[in-house]
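For reference, the structure is listed below as structure tokens.
None of the figures in this text is laboratory data; all of them are computed from the coordinates on show. None of these values were measured; they are calculated from a predicted model. Here Cβ is always computed from backbone atoms with ideal geometry, including for glycine, and neighbour counts include all displayed protein chains.
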Amino acid sequence: MIKDSQTGLYCKEYFNEFLALEKKRCKRSKDDCLLMLADLSDYTEEIDRQKIAQSMMHALSRVIRDTDVKGWYVDGLIIGVIFTEMTRTETTSKLAQRYVVGKCLSCLKSSLGLEAFSRIQIRWQSPYSEHIHKISTSGKVGSKKQT
């Protein structure tokens, strides 16, 4: 099975293969990508995680590009979205980061509601960056070095 039939997300193996290929493409082209990881582990029941994943994908489909890849980074627990083919200046520019982050977070918050949204831990990272951008439920971007 290539995609999860309920959420439309690529299964873990395919998604992580896309991620590996995108990292190689980025290295070769000297462009970058941005990776969003949404951890749903606060939802303890699998059925709840499936429902929230469906809602998230429905909401995000309005704001992300067709070329961006959506899948399970960790099956049933962590959703990944690869924002492909971004120039290095787009991914390192705070303004561009805030735009992408803000667009996605605003959409998720308004679609899911504050209670559901606040239970999702969202991280943003770039293969070329040594920083992970942790996003609070308020949408503020803070950096910390990747370990």
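Given a cut-off of 26 Å, what percent of all Cα-Cα pairs of segment 1-124 lie beyond it? I get 18 percent for the Cα pairs in segment 1-124 exceeding 26 Å. With each label modelled as a point 7 angstrom along the Cα→C-beta vector, the Ser41-Arg119 pair spans 1.6 nm. Per-residue extension of 0.36 nm, minus the Cα-Cα distance of Tyr14 and Ser111, leaves a gain of 32.2 nm for this segment.
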